There are 2 protein chains.
Amino acid sequence: MSSATKALTLLSHFSADCPEIGLSHMCRVAGRDKATTYRHLQALEATGFVEQNPLTKQYRLGPAVLHLAHLREVTVPRKDAALAAASTLAEATGETAHVSVLSGTTVYALCDCLSPRHGTRAVIDITTFPLHATASGLCAMAFGHDALMETALENLTGFTSATPQSKSDLQTLIASIRATGFACADQSYESEIQGIAAPLFDQTGRYAGAVAVACVASRFTRALEQTITSELIIAARAITRSWGGTIPTPIEAAWATLDTNPQELDTTS
Amino acid sequence: MSSATKALTLLSHFSADCPEIGLSHMCRVAGRDKATTYRHLQALEATGFVEQNPLTKQYRLGPAVLHLAHLREVTVPRKDAALAAASTLAEATGETAHVSVLSGTTVYALCDCLSPRHGTRAVIDITTFPLHATASGLCAMAFGHDALMETALENLTGFTSATPQSKSDLQTLIASIRATGFACADQSYESEIQGIAAPLFDQTGRYAGAVAVACVASRFTRALEQTITSELIIAARAITRSWGGTIPTPIEAAWATLDTNPQELDTTS
DNA sequence: ATGGCTTGGTTCATATATTGAACCTATGGT
DNA sequence: ACCATAGGTTCAATATATGAACCAAGCCAT
């Protein structure tokens with residue numbers, strides 16, 4: 001590990017719970033020598049990445065990151081990362097991939113990508129996703145803020161016979177989504193379309209959107225489902241990372257149990 | 001210069017004009033060896049501070065900065081830095097210091113700090129500053145967006161006999177502010193109050209607000225003016241830096257010519 | 001095609017910059 | 001007065017960074 005990497009790594013120990021860290025404390029959490037840590041903090045301070053609270057002598061993030069973040073936002077729009085991941089996802093699954101973002105209580109379509117593999121394809125022709133009837137909407141309800149449930153209940157339009165129609169229906173679905181880390185919408189918005197979505201998070205740590213696959217229901221098999229879920233995990237991690245966020249540990253844990261299933265099948269074969 | 005510092009310094013070469021930089025280009029602008037630069041970029045990439053555009057192989061700012069910037073915003077509110085600088089400014093000048101922020105076309109008071117040195121003090125008892133009559137407002141017009149002039153012309157309230165009353169009055173004042181890097185309001189809002197303001201900038205590079213001194217006019221002398229301007233420069237640099245911005249070069253240049261005046265006096269004495 | 005130009009990326013001996021135990025000083029609590 | 005902990009400093013030992021030279025790939029005009 002290079003010296004520069006070690007210095008940069010110190011920054012990852014700052015968090016919302018622990019926004020100011022003293023030298024000794026930093027030594028402990030970083031597991032490094034005091035002199036080394038001190039010099040690294042000096043280097044970070046010289047470049048504006050940290051600064052010392054003049055009162056407490058504790059270190060905290062510096063102003064340099066503000067400017068860099070602004071530049072990042074300008075140079076790499078969110079849509080680009082989403083589109084790149086959606087493209088890979090569509091390629092790998094042979095189905096339509098799309099990404100949605102949550103703004104207030106509305107789930108907007110950010111981008112989508114159709115796979116040329118099959119003649120029939122799911123087409124995303126809406127700009128806002130109903131909360132209660134789509135995988136992306138349900139994902140937002142499961143991992144977004146609480147106000148979404150109220151909004152959803154105000155508009156329980158029945159699109160198909162499978163569209164959830166009650167609060168208890170939604171609560172059951174949401175519990176399942178939170179347990180598995182995936183939202184599924186089995187022909188609840190359009191018949192013949194099966195949706196599976198995974199959540200995305202931004203730099204604030206909050207739910208930011210979903211990456212989803214809309215699959216022609218007649219093609220949906222157990223094998224395709226496995227491909228979709230494992231590819232969704234990859235896409236969700238990539239987009240979340242690009243947006244400056246991280247997947248919450250409980251969700252990673254839920255995904256990890258899914259990942260091991262194929263391995264179990266391998267050992268029994 | 002430590003290795004970590006050298007690596008961090010590479011990040012400063014990214015800008016809005018040049019958001020993606022290739023290895024060779026980075027070597028040239030950083031003036032360092034290719035192997036060294038490459039390894040530094042590798043360290044930055046490993047920590048998420050830069051990433052490679054997969055198409056062009058060029059490096060650009062990475063997602064890590066987004067998260068850090070959010071954390072910085074949460075841990076260090078703008079007001080704190082402003083208040084610290086205002087306090088120093090009030091202490092050094094013996095007059096009332098205050099900081100304003102521009103939001104839309106309105107100039108809001110962010111904080112102020114009175115000096116206990118004199119019995120009479122200027123008191124900032126307004127929450128929004130008139131654009132045409134105060135140093136902070138004129139500063140916004142000189143360095144902020146163009147729409148401010150229209151807004152100012154819609155409300156040319158005459159507070160004192162010295163309040164500017166025409167577009168040409170304002171244009172003359174603004175030209176002077178742009179040339180000197182300071183905005184002055186000589187009893188144009190309240191009689192007996194002389195205001196001097198310096199501009200502040202944020203991480204977007206745009207005008208963000210002003211730091212100002214409100215001085216009791218009867219105490220205003222050439223010597224005090226020199227103290228105020230030199231202290232204002234220090235305060236403006238500190239706040240701007242803390243907000244993630246930089247003072248534009250033309251303004252620094254204007255300030256530099258002022259800085260040399262006292263030196264000229266010294267050499268002749 | 002060919003040769004020259006540039007690009008991103010890699011190697012390895014050299015020596016420079018990093019390391020960490022021990023030390024210093026100040027402060028707050030008992 | 002004492003101990004514990006804090007931030008900060010020193011210096012010999014050595015691990016780590018360095019850069020000239022090198023490689024492979026892409027581009028472009030001949």
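The condition of being more than 15 Å from DNA strand D (Cβ to nearest atom), small (Gly, Ala, Ser) and closer than 30 Å to B:Gly119 by Cβ holds for B:Ser100. The residue pairs whose first member lies in region A:1-13 and is in contact (Cβ under 8 Å) with a residue 60 or more places away in the chain and farther than 18 Å from A:Gly48 by Cβ, whose second member is basic (Lys, Arg) and not in a loop (DSSP other than H, G, I, E, B), and whose beta carbons are closer than 7 Å, counting only pairs six or more residues apart or on different chains, do not exist in this structure.
Based on this model, can you work out whether B:Leu44 counts as away from chain A (no Cβ under 12 Å), touching a helix residue (DSSP H, G or I) at 6+ places or on another chain (Cβ under 7 Å) and among the hydrophobic types (A, V, I, L, M, F, W, C)? Don't jump to the end; show me each part of the working.
Working: away from chain A (no Cβ under 12 Å): no; touching a helix residue (DSSP H, G or I) at 6+ places or on another chain (Cβ under 7 Å): yes; among the hydrophobic types (A, V, I, L, M, F, W, C): yes.
No; evaluated as a whole, the condition is false for this residue.
Residues are listed down the side, and each one gets a yes or a no for (1) basic (Lys, Arg); (2) within 12 Å of DNA strand D (Cβ to nearest atom):
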{"residue": "B:Thr5", "(1), (2)": "no, yes"}
{"residue": "B:Phe14", "(1), (2)": "no, no"}
{"residue": "B:Cys18", "(1), (2)": "no, no"}
{"residue": "B:His25", "(1), (2)": "no, no"}
{"residue": "B:Arg28", "(1), (2)": "yes, no"}
{"residue": "B:Asp33", "(1), (2)": "no, yes"}
{"residue": "B:Leu41", "(1), (2)": "no, yes"}
{"residue": "B:Asn53", "(1), (2)": "no, no"}
{"residue": "B:Ala64", "(1), (2)": "no, no"}
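Residues of region A:1-35 that are open to solvent by 40 Å² or more (accessible area, probe 1.4 Å), more than 10 Å from every other protein chain (Cβ to nearest Cβ), within 12 Å of DNA strand C (Cβ to nearest atom) and on the phi < 0 side of the Ramachandran plot: A:Leu23, A:Ser24, A:Arg32, A:Asp33, A:Lys34, A:Ala35.
Within this structure, B:Val101 fails the test of being among the hydrophobic types (A, V, I, L, M, F, W, C), in contact (Cβ under 8 Å) with a residue 24 or more places away in the chain and farther than 25 Å from A:Glu20 by Cβ.
All conditions but one from (1) open to solvent by 10 Å² or more (accessible area, probe 1.4 Å); (2) in contact with a Cys (Cβ under 8 Å, 6 or more places away or on another chain); (3) away from every other protein chain (no Cβ under 14 Å) apply to A:Ala90; the one that does not is (1). Given the structure, is B:Pro116 within 11 Å of chain A (Cβ to nearest Cβ), open to solvent by 70 Å² or more (accessible area, probe 1.4 Å) and outside any strand (DSSP E or B)? So B:Pro116 fails the test. The residues of region A:52-71 that are open to solvent by less than 50 Å² (accessible area, probe 1.4 Å) and within 16 Å of DNA strand C (Cβ to nearest atom) amount to a single one, A:Asn53.
The values are calculated or read from the model by the stated rules, or taken from the named source; none is laboratory data. Because the structure is a prediction, the values reported are computed rather than measured. Reconstructed Cβ throughout: ideal geometry from the backbone, glycine too, with neighbour counts over all protein chains shown. Side chains included, ligands, DNA and RNA excluded: accessible areas come from the protein's heavy atoms. Shrake-Rupley method; radii C 1.70, N 1.55, O 1.52, S 1.80 Å.
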